Amino acid sequence: MAGIDPAKLPSTASAVVTVLGKLPPTLNGHPVTKRTKTLVDYADGTGLEAQPLVEAAGQGITMAQFWPHLEAGHPGDFTVTSHSKPGEPLLWLTADGQPPYQAIVAAVASPTGSWVFAVEAPSEKAANDLLTALRAALA
């Protein structure tokens, strides 16, 4: 998550589309298999999904209220292995995924943001490479 500036994370649907449109057409030799307004998937199963906070948490919930629930993990889906510390400028977590999720799950968000950006990947390298591509898309 190093280098991801929370202030540059998109905060509107149109900004999300712009950033996701900047993700590369191939990642580690794997082409994009699906690209929508909120999702980019690659042939190896690596993908990034942007989800509005209202969809992830419900109406009237702030990121500060939602994030601790995400950090607690979701038994049967994923187990959080590390996460941001209180006061860090970027909210982030990494997790070991279980089906239907890929092996590696990661999420990032701005503490004051209204979108959650989730990565799923078959390996730590693929997840890191997609996060690097996201950082470049935010530049």
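The values are calculated or read from the model by the stated rules, or taken from the named source; none is laboratory data. Bear in mind that the values here come from a model prediction, so they are computed numbers and not experimental data. With ideal geometry, Cβ positions are generated from the backbone for all residues, glycine too; neighbour counts draw on all protein chains shown. The area values use the complete protein model at the heavy-atom level, side chains included, leaving out ligands, DNA and RNA. Shrake-Rupley method; radii C 1.70, N 1.55, O 1.52, S 1.80 Å.
If you add up the charges near H30, with Lys and Arg at +1 and Asp and Glu at -1, over every other residue whose beta carbon is less than 14 angstrom from its beta carbon, what do you get?
Values: positive: K34, R35, K125; negative: D41, D44, E120, D129.
In short, -1.
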(message) Over the chain, with the other protein chains present, what is the accessible area per residue in square angstrom, probe 1.4 angstrom?
(response) 51 Å²
(message) Run the reach check for K125 against aspartates and glutamates, Cα to Cα strictly under 19 Å, same-chain hits fewer than 8 apart removed. What comes back?
(response) D41, D44, E49, D96
(request) Provide the per-residue ³J(HN,Hα) series for region 107-120, in order, calculated from phi with Karplus coefficients 6.51, -1.76, 1.60 and θ = phi - 60°, each as a whole number of Hz, with x at glycine and proline positions. (result) 9, 9, 6, 7, x, 10, x, 10, 9, 10, 10, 10, 10, 10
(request) Using Cα positions and a limit of under 22 Å, work out the lysines in reach of K8, with same-chain residues fewer than 8 apart set aside. (result) K22, K37, K85
(message) Below 13 angstrom from the Cβ of Q98, what's the summed charge of the other residues (Lys, Arg +1; Asp, Glu -1)?
(response) -3
(request) Return the label of the correct value of Cα extents along the principal axes in Å, as calculated from the structure shown, out of (1) 38, 33, 26; (2) 48, 43, 22; (3) 60, 37, 25. (result) (1)
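Once you keep just the Cα pairs under 8 angstrom separated by 6 or more residues, what percentage relative contact order results for region 14-139?
Numbers: 227 pairs, mean separation 31.0, N = 126.
Once divided by the residue count of region 14-139, the mean separation gives 25 percent.
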(message) With a cut-off of 8 Å between alpha carbons and a minimum separation of six or more residues, what is the relative contact order of region 1-77 in percent?
(response) 15 percent
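Carbon-plus-sulfur fraction of the accessible area of the chain, 1.4 Å probe, in percent? Numbers along the way, then the final one.
Details: 4020 of 7070 Å².
Ligands and nucleic acids excluded, carbon and sulfur give 57 percent.
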